[in-house]
Amino acid sequence: MNQQPISHQKKLKQLEATAICGNDITSSCLYVSALTIAYAGQYAFIALLIVAAVLFAFRKIYGESVGALPLNGGAYNILLNTTSKGNASIAACLTILSYMVTAVISASEAMEYLHSVFPVFPVIVATMVLLTIFLLLTISGISESAIVATIIFITHLAVMALLIVSAIIFLFNHGFDLATINFHTPVKGSLFNVLFLGFSTAMLGISGFESSANFVEEQKEGVFPKTLRNMWVAVTIINPTIALLAVMVLPIGSAVHNQNALLSFMGKNTAGNWLAIIISLDAALVLSGAVLTSFVGVGGLLKRMTLDRILPQMLLKENKKNASPRILIMFYILCLSILFITEGELGPLAGVYTISFLSVMVFFGIGNLLLKIKRSRLPRPEIAAPSTVVLGILGVLIALYGNVKLHPEYLVVFLQYFIPAFLIITIFLERKMVIRYLIIYVNKFFDKLQQATIFSRFHLAKQLRQLNKQAFVFFTKGDDIAVLNKVIIYVRENEITQRLKIVTVLQKEEQMNETFMRDFEALDRAYPDIKIEYIKIHGVFGPELIKRLSKEWNIPQNFMFIGSPGDRFPHRLSDLGGVRLII
């Protein structure tokens, strides 16, 4: 039996939601400024401002897409409601890989920073301990996680403000001679080339921007667009400012040489050892916050995938805090496996993170274009101009090309992780076909072992019957036969079932016309492999009716479909409990 998600939980406010995803994106200043300076030199701040412009476009893209479909899952959710489960699963696989690598690298780097201040523990063991702490924290509930994330976020912003102020005071005390020398230093290659390479590298500094979309259902109404605004403002101010100040208070060669701990080195140069130590401790803290972002984001995504029957239903079991421990434990085990496989040498994983993260953003942009075409009637709080969407996608594709050009080996490492992960997801997605082939294989392989054959055939056939037994529902207003035909084709191609209920909600005294009934009977005969049941219900279509039918028929609400509602539709899609759009 499929378990319904529990909706009675505390919703996150603006600061809490911003902090959860903001720790990831604002921690980027610890590495992205140095990396951008290495390629763009004194013009690194310009490359980072171009990134801010691209991110502004995606702020509109995310605002429209998630505003129209306010359900957990990010790019997966958008593609699920505009294309097929297969396409959505590709985006989900990329997102999961991105979160896995972000969690492991952030945890390891956090402990490296802490080790630089307190060199009394092995980094790899400390990384395991940190991952375990955040596993337990997220299992304890999102409210508790939000409190920790908020403390980390505010502390990090305060330390970055302290660093910026100390650098400005240093400039006023020591003058701008070094800055003048740096800005007259010739760059390696043309200005266009250094900005292209700097921009490509700097795009890695916006990881975390997509996370808010993966736990939007846990946020209060109207909070999501504010999290996008807040993250955009933070990354637009902090990253270019630190990159500009770095080339004004440090020789460029020195900044590049100390890029692994540029901010600590910068703090030491402008104020002394005390600031360097504070920055190192802050780095350990905020990178730990990025680990929390990964756990919260992937929890929302995997739960949505499980509700859609891509992953085993046993993962849905919730505790009293409305968390899904089995999902979080599975993600935790995957993170530890990466740590053990790489033996703590996480450098090659940069390729997995880079390509996965940027590809997810491309998929989100494509999903937005499909939303405009296929779900044009769906209400949304804001609209991103098609030109804005295209420019945003183009910007990410340029960054993706630039990173692969700089590090061709990234693509090889990425494929080593992506292909097995996608194969596993595909097996779950196509398990109906897999079970059928297993039945054939069992019949042949155990031909001489009758008892084993009977037992195996019975068990596999039982699993197949249970999958096919699950009914799905499509609510129709009396659509013509062509629309209903599209619905049946979608269900056959994307869901594991042999039962479909076509439901019409009628007002009092209202009746369906005879033409529709004749069309329905013809359609029923055209698909003998699916039991199609037509049901008329008198009442008002809305959340209450959906909940009642879900309970009466034992059909999860996310197994119910509707066509795209128009502007006059009186309910938000998020109020319908996960009902999906398929037409």
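The values are calculated or read from the model by the stated rules, or taken from the named source; none is laboratory data. The shown structure was predicted, so the numbers you read here are calculated from the model rather than taken from an experiment. Quick reminder, even Gly has a Cβ in these numbers, built from the backbone with ideal geometry, and neighbours come from all protein chains shown. Keep in mind that these areas ignore ligands, DNA and RNA; they rest on the heavy atoms of the full protein, side chains included. Shrake-Rupley method; radii C 1.70, N 1.55, O 1.52, S 1.80 Å.
Rolling a 1.4 Å probe across all protein chains gives residue 387 an accessible area of roughly 70 Å². Kirkwood radius and radius of gyration were both taken over the C-alpha atoms of region 482-583, and their ratio Rg/Rh is 0.94. Per atom type, the chain shows carbon and sulfur on 65% of its accessible surface, probed at 1.4 Å. Sites listed here are trypsin sites (Lys or Arg not before Pro) in region 534-583 whose DSSP assignment is loop and whose Cβ has at most 10 other Cβ atoms within 10 Å: 568.
Note on residue 481 and residue 53: their simple-model spin labels are 5.5 nm apart, each label 7 Å out from Cα toward Cβ. For the set 221, 552, solvent exposure ranked by accessible area (probe 1.4 Å, protein chains only) runs largest to smallest as 221, 552. Could you calculate, for region 52-143, the ratio of the Cα radius of gyration to the Kirkwood radius, expressed as Rg to Rh? Ratio of gyration radius to Kirkwood radius: 1.12. Can you give the net charge of the other residues whose Cβ lies under 15 Å from the Cβ of residue 337, counting K and R as +1 and D and E as -1? Result for the local shell: -2. Relative contact order, whole percent, for the chain stands at 24, derived from Cα pairs under 8 Å and 6 or more residues apart.
Take the Cα of residue 345, go 7 Å toward its beta carbon, and none of the backbone nitrogen atoms of region 79-100 fall under 12 Å from that spot. Once the Cβ-Cβ distance of residue 376 and residue 575 is raised to the sixth power relative to R0 = 30 Å, the FRET efficiency obtained is 0.90.
Where only DSSP H runs of four or more residues are counted, the chain gives -22500 deg cm²/dmol as its mean residue ellipticity at 222 nm, each run worth -39500 (n - 2.57).
Checking the cross-link pairs 501/536; 508/536; 374/547; 10/303; 303/486 against a 21 Å limit on the alpha carbon distance flags 374/547; 303/486 as lying beyond it.
Placing 538, 571, 257, 156 in order of accessible area, with the largest value first and a 1.4 Å probe, yields 257, 538, 571, 156. Across region 210-279, Cα-Cα pairs more than 20 Å apart make up 48 percent of the total. Computed over the alpha-carbon atoms, region 90-224 gives an Rg to Rh ratio of 1.05, Rh here being the Kirkwood radius from the mean inverse distance. Counting every alpha-carbon pair across region 1-118, the share separated by more than 22 Å comes to 56%. A cut-off under 12 angstrom between Cβ atoms defines the neighbours of residue 197, and their net charge, with Lys, Arg +1 and Asp, Glu -1, is +2.
Between residue 118 and residue 11, the simple spin-label model (points 7 angstrom out along Cα→Cβ) gives 4.0 nm. Given their separation in residues at 0.36 nm each and the Cα-Cα distance between them, residue 151 and residue 419 gain 92.7 nm when the chain is fully extended.
Straight-distance candidates among the lysines for linking to residue 405, with alpha-carbon spacing under 27 Å and chain neighbours fewer than 8 residues away dropped: 188. Considering all alpha-carbon pairs of the chain, what whole percent are spaced by more than 33 angstrom? I get 47 percent for the Cα pairs in the chain exceeding 33 Å. Ordering 351, 285, 364 by Cα displacement along the dipole of region 280-372 toward the positive end leaves 364 in first place; charges were set at the Cβ atoms of Lys, Arg (+1) and Asp, Glu (-1).
Just so you know, the Cα atoms of region 263-319 work out to an Rg and Dmax of 19.7, 56 Å. In summary, the aspartates and glutamates within cross-link reach of residue 551, defined as a Cα separation below 17 angstrom excluding same-chain residues under 8 places away, comprise 575. Calculated accessible area for the chain comes out at 43 Å² per residue, all protein chains present (probe 1.4 Å; ligands, DNA, RNA ignored).
What FRET efficiency do you get for residue 457 and residue 394 if R0 is 51 Å and r is their Cβ-Cβ distance, rounded to the nearest 0.05? E between residue 457 and residue 394, to the nearest 0.05, is 0.40.
Here region 346-429 is assigned +1 on the Cβ of each Lys and Arg and -1 on the Cβ of each Asp and Glu. Its dipole about the Cα centre then comes out at about 440 debye. Comparing region 145-246 with the 2.2 N^0.38 Å rule of thumb, its C-alpha radius of gyration ratio is 1.41 (two decimals).
The calculated pair-distance distribution of region 214-360 uses every alpha carbon pair, bins of 10 angstrom beginning at 0, and gives 9, 25, 32, 23, 10, 2 percent.
A simple spin-label model places the labels of residue 521 and residue 162 8.0 nm from each other, with each point 7 Å out along Cα-to-Cβ. Using the Cβ-Cβ distance between residue 567 and residue 428 with R0 set to 51 Å, the FRET efficiency works out to roughly 0.85. When you restrict to C-alpha pairs under 8 Å that are six or more residues apart and normalise by the size of region 144-265, the relative contact order lands at 41 percent. Potential lengthening of the chain between residue 319 and residue 469 amounts to 51.2 nm, from the contour at 0.36 nm per residue minus the alpha-carbon distance.
Legend: P(r) of region 313-397 from all alpha carbon pair distances, 5 Å bins from 0, whole percents, reading 3, 11, 13, 12, 11, 12, 17, 14, 6, 1, 0. Relative to the 2.2 N^0.38 Å rule of thumb, region 276-351 has a C-alpha radius of gyration ratio of 1.37.
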